[in-house]
Amino acid sequence: MAGRQVSLRSGWAIAVPVLLLCGCAAQPPKQLYGWGNYEELLYVSTTKVDSVAPEKQIETMKTDRASFASTGQRIPPGWRVHLANLYTQTGHLEEARVELEAEKVAFPESAVFCDTLLSHLGRPQQVTP
């Protein structure tokens, strides 16, 4: 009988940590950034250029931004630059400028890139044949 109690105790000694580890593993890790529809919009805007109007993409991204704010998620790198590009396409240059400045603040390593985009903001595009 004493041997049987030892084996039950050792069984519990193994089962409890395993159950605790399984409970921890079941929770998905919290993402650092909120991605929303960004990846899909980026894919569509580069592969199916005219399939979703820039105005519709802007509205989708505004909805995503509100969702990020309510869940406490951060806006990912490049997200604001994509939104600025959409604003530029629709002629909203001041909104594009605001987004690029915000990207520089959130991700200082993007400052040179954003400054280059800002310096070209509003200039007519030259089309090469």
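What residues from the stretch 83-112 fall in the zone where the backbone N is under 20 Å from a label point 7 Å along the Cα-to-C-beta line of residue 33?
Residues passing the 20 Å test: 83-88, 96-112.
Across the Cα atoms of the stretch 38-120, what radius of gyration and what greatest pairwise Cα-Cα distance (Dmax) are found, in Å?
12.5, 35
Apply the Karplus parameterisation 6.51 cos²θ - 1.76 cosθ + 1.60, with θ equal to phi minus 60°, to every residue of the stretch 61-71 and state each ³J(HN,Hα) to the nearest whole Hz, in sequence, with x for glycine and proline.
Karplus values, whole Hz, x for Gly and Pro: 5, 5, 5, 4, 4, 5, 5, 4, 5, 6, 9.
Starting from the Cα of residue 116, step 7 Å along the direction of its Cβ; do the same at residue 40; then give the gap between the two resulting points in nm.
Going from the residue 116 label point to the residue 40 one covers 3.1 nm.
Read-outs: derived from the displayed coordinates by stated rules, not from any lab. The structure presented is a predicted model; accordingly, all values stated were derived computationally and were not measured. Positions of Cβ are generated from backbone atoms using ideal geometry, with glycine treated the same way; all protein chains shown enter the neighbour counts.
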